[in-house]
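Below is one structure, written out as structure tokens; comments come after it.
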Amino acid sequence: MIAAIKNNFLIIIGTFLFLYFFFNLLDGERGLISLIKKENLLKQLKLKENNLEKNISDLEFKNFLLSDNFDTDYIEILLRENFVYTKKDETIYILKKNEKSN
């Protein structure tokens with residue numbers, strides 16, 4: 001048995017080295033599977049970044065409308081939405097879900 005191992009020493013060492021590098025190629029910290037996971041994470045983070053940038057631009061625009069030179073139309077919209085504000089001789093119709101208007 002020892003003689004067989006000595007005769008096939010290079011084949012055995014080559015096989016172990018091949019298996020070692022093959023498993024590290026696929027599953028190591030820098031392996032292909034890890035690369036795919038990191039690429040998916042990068043895509044998700046880019047989408048999240050785009051959504052956050054859009055929210056920031058919306059908030060900056062709303063903040064601009066409420067700054068020193070505020071827009072009276074925007075303030076009226078806010079009052080009507082949040083406080084159900086009405087003007088004199090104005091009628092408001094509130095429709096509940098699943099109800100039809102006459």
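The values are calculated or read from the model by the stated rules, or taken from the named source; none is laboratory data. Not measured: the values here are computed from a predicted model. Positions of Cβ are backbone-derived with ideal geometry, glycine not excepted, and every protein chain shown enters the neighbour counts.
Pairing each residue of segment 73-95 that is farther than 16 Å from K62 by Cα with any residue that is small (G, A, S), provided the two are 6+ apart or on different chains, yields C-beta distances under 8 Å for Y93/S101; L95/S101. Here E39 clears all of (1) outside any helix (DSSP H, G or I); (2) modelled with pLDDT of 80 or more; (3) among the charged types (D, E, K, R) except the condition numbered (1).
Checking each residue in segment 62-72 for being closer than 30 Å to Y93 by Cβ and either in contact (Cβ under 8 Å) with a residue 60 or more places away in the chain or assigned to a helix (DSSP H, G or I) (or both) picks out K62, L65, T72. The test for being assigned to a helix (DSSP H, G or I), among the polar types (S, T, N, Q) and within 26 Å of the chain's Cα centre (by Cα) holds for N51.
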